[in-house]
Amino acid sequence: MTRAVLSLGSNLGDRFGYLRTAVDGFKDVLVAASSVYETKPWGVFSQDDFLNAVLIVRSDEIDEWGWLARAQELERQVERIRGIRWGPRKLDVDVVVVDGVLSDHPDLTLPHPGAHRRSTLLVPWRDVEPDAVLPGHGPISGLQAGMSTDDVTLRSDLVLHTIDETVSDNG
């Protein structure tokens, strides 16, 4: 069995709709979905704000490459265009961590590089796993405590997943 942490982001078009597309694409393996947060852009600042969230997924049949393939397929479905690094996007689905897997492959680095520096990831992740540990960096609560979260705003009006949508085999 593999369990993964996935980071979702969107800052073009129907941002919330694109996040819902990702949740729907993982609903058969979904364990938990974080709250939705509005965040300032990271890396390239002259672009619209993002909506971000984190999913926890689990499957007996999917390895790290399978999680990556599913993420990229969802990005293709919404016709994501890969342009400027850290630039605007309809949907970004990153594989952040796969339990028990470290990788320095150029196509899949695990844990995701830079994860320890991004409040846009750590805040929503802490929503669903307050005691989570980022391999090589320590508890995410400690990482988050050492950074500003002024650029991360809870969007309580946007709910990605409710408890009655949970697939019982995944929790």
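Values for this structure:
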quantity	calculated
Relative contact order, percent, the chain [alpha-carbon distance under 8 Å, six or more residues apart]	33 percent
Structure-based [θ]222 nm, the chain - -39500 (n - 2.57) summed over DSSP H runs of at least 4, per residue, nearest 500	-7000 deg cm²/dmol
Loop-exposed trypsin sites (Lys or Arg not before Pro) per DSSP, neighbour cap 12 Cβ within 10 angstrom, longest uninterrupted part of the chain	86-171
Exposure rank, largest accessible area first [104, 127; 1.4 Å]	104, 127
With every protein chain in place, region 58-150: carbon and sulfur % of accessible area (1.4 Å)	48 percent
Stretchable slack from residue 40 to residue 154, in nm (0.36 nm times residue separation minus alpha-carbon distance)	39.8 nm
Heavy-atom accessible area per residue - the chain, 1.4 Å, Å²	50 Å²
Under DSSP loop assignment and at most 13 Cβ neighbours within 10 Å, longest chymotrypsin sites (Phe, Trp or Tyr not before Pro)-free interval of the chain	87-171
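The values are calculated or read from the model by the stated rules, or taken from the named source; none is laboratory data. It should be emphasised that the depicted structure is a prediction, and the values quoted were computed from it without experimental measurement. Positions of Cβ are generated from backbone atoms using ideal geometry, with glycine treated the same way; all protein chains shown enter the neighbour counts. With ligands, DNA and RNA removed, areas are computed over all heavy atoms of the protein, side chains included. Shrake-Rupley method; radii C 1.70, N 1.55, O 1.52, S 1.80 Å.
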